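Beneath this line is the structure, given in structure tokens, with notes to follow.
The values are calculated or read from the model by the stated rules, or taken from the named source; none is laboratory data. Please read these numbers as outputs of a predicted model, since none were measured by experiment. Neighbour counts are summed over all protein chains in view; Cβ atoms, including those assigned to glycine, are modelled from backbone coordinates with ideal geometry. Heavy atoms of the whole protein, side chains included, go into the accessibility calculation; ligands, DNA and RNA do not. Shrake-Rupley method; radii C 1.70, N 1.55, O 1.52, S 1.80 Å.
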Amino acid sequence: MVRGGRRVVWCVAAVLAFAGCGRTEVPPERPPAFSGAEDLPEKLDADGTTITVGDPDAKVKVHLYEDPRCPYCEQFETSGGGPQLRKALVDRRATAQYTLASFLDDRVGGSGSKKAVNALRAALEEGKFVEFHEMLYLYQPEKSIDGYTDAYLLKVAGEVEGLRSPAFDAAVKSMKYRAFVTASQKAYERAGGAAEPEGPGTPTAVINDKRIPAELGEVLLDGTLFTQLLQQIHTNPLEWEHTTL
């Protein structure tokens, strides 16, 4: 792409150079919860399924599609682009939107994804969504193990200051937000359109209304590349808008 006589090369193209890279191991020492999260605005959007975190006027808007049991979502959130996105949220450079899927329960058995999505919605009610969201991935059980039980979710919630309460605990145990869980899964499926009726896959990121294609998905799992991408979009949002991926 050429604008104003200057060639713009987006860092997502660099992902192609990493074609041989596989999934990296998460460091044994987990990073601490990010500071400043308690000050971030968070809300349920008017569509009833999208959860938005951060300054609504930020130049960069990242819409994420995730399933709590997805191991690649865990990689994104713990050792990939997730920590960089959280820093951008605190710095008011980005807004994050989340559509929470639960299809892995049907694929591998169990109810952990649904229970985790319900618990995340309960955390939003307490103003603790973004903090609990981080903790769920820090302590994610193996996908093949239906580890997001009520007891485990409440234990993880105990890592978030001020989250546990009789109301929150009851919401987790009773699946209070079951309708939200179902609606969120349907929203995820709609996001795939006619070409992907079961949904776009997780994690999927749509940044300023432009989806990162699956073939460039490694950018989500590389913290350095993701940081560069967010910075370039923040600096040149119009050029990102006209860039063809």
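Residue count for the stretch 163-174, restricted to those that are buried (at least 18 other Cβ atoms within 10 Å of the Cβ) and not in a helix (DSSP H, G or I): 1. All of (1) within 25 Å of Gly36 (Cα to Cα); (2) open to solvent by 40 Å² or more (accessible area, probe 1.4 Å); (3) not in a loop (DSSP other than H, G, I, E, B) hold for Ala179 with one exception: (1).
Of the residues making up the stretch 138-162, those that are open to solvent by less than 60 Å² (accessible area, probe 1.4 Å), outside any loop (DSSP other than H, G, I, E, B), within 23 Å of Glu38 (Cα to Cα) and out of contact with any Ser or Thr (no Cβ under 7 Å at 6 or more places or on another chain) number 4.
In the set Ala183, Ala195, Ala179, which member is without any contact (Cβ under 8 Å) to a residue 40 or more places away in the chain, within 19 Å of Thr50 (Cα to Cα) and more than 15 Å from the chain's Cα centre (by Cα)? Break it down into steps so the answer makes sense when it comes.
Working: Ala183 fails: without any contact (Cβ under 8 Å) to a residue 40 or more places away in the chain; Ala195 fails: within 19 Å of Thr50 (Cα to Cα).
Unique residue meeting the criteria: Ala179.
When Thr99, Thr52 are screened for being among the hydroxyl-bearing types (Ser, Thr, Tyr), open to solvent by less than 10 Å² (accessible area, probe 1.4 Å), touching a residue at least 40 places away in the same chain (Cβ under 8 Å) and not in a helix (DSSP H, G or I), only Thr99 passes.
Please determine, by comparing only the residues of the stretch 59-69 that are assigned to a loop (DSSP other than H, G, I, E, B), out of contact with any Cys (no Cβ under 8 Å at 6 or more places or on another chain) and at pLDDT 95 or above, which one is surrounded by the most Cβ atoms within 10 Å (Cβ to Cβ).
At the first step, the residues of the stretch 59-69 found to be assigned to a loop (DSSP other than H, G, I, E, B) are 59, 67-69.
Right, trim to out of contact with any Cys (no Cβ under 8 Å at 6 or more places or on another chain) and you get 59, 68-69.
Still in the running and at pLDDT 95 or above: 68-69.
Values: Pro68: 28, Arg69: 30.
Across the stretch 59-69, the extreme among qualifying residues is Arg69.
When Asp105 is tested against the conditions (1) part of a strand (DSSP E or B); (2) open to solvent by less than 20 Å² (accessible area, probe 1.4 Å), the lone failure is (1).
Within the set Leu138, Leu154, the sole residue that is of a type outside the set (D, E, K, R), within 21 Å of Glu74 (Cβ to Cβ) and more than 15 Å from the chain's Cα centre (by Cα) turns out to be Leu154. The residues in the stretch 198-214 that are assigned to a helix (DSSP H, G or I) and touching a residue at least 24 places away in the same chain (Cβ under 8 Å) can be counted, and the count is 0. Could you go through the stretch 70-81 and let me know if any residue there is open to solvent by 10 Å² or more (accessible area, probe 1.4 Å), part of a loop (DSSP other than H, G, I, E, B), at pLDDT below 95 and of a type outside the set (Lys, Arg). No, that holds for no residue.
Applying the criterion of being part of a helix (DSSP H, G or I) and exposed (fewer than 13 other Cβ atoms within 10 Å of the Cβ) to the residues of the stretch 230-245, the residue that is farthest from the chain's Cα centre (by Cα) is Leu238.
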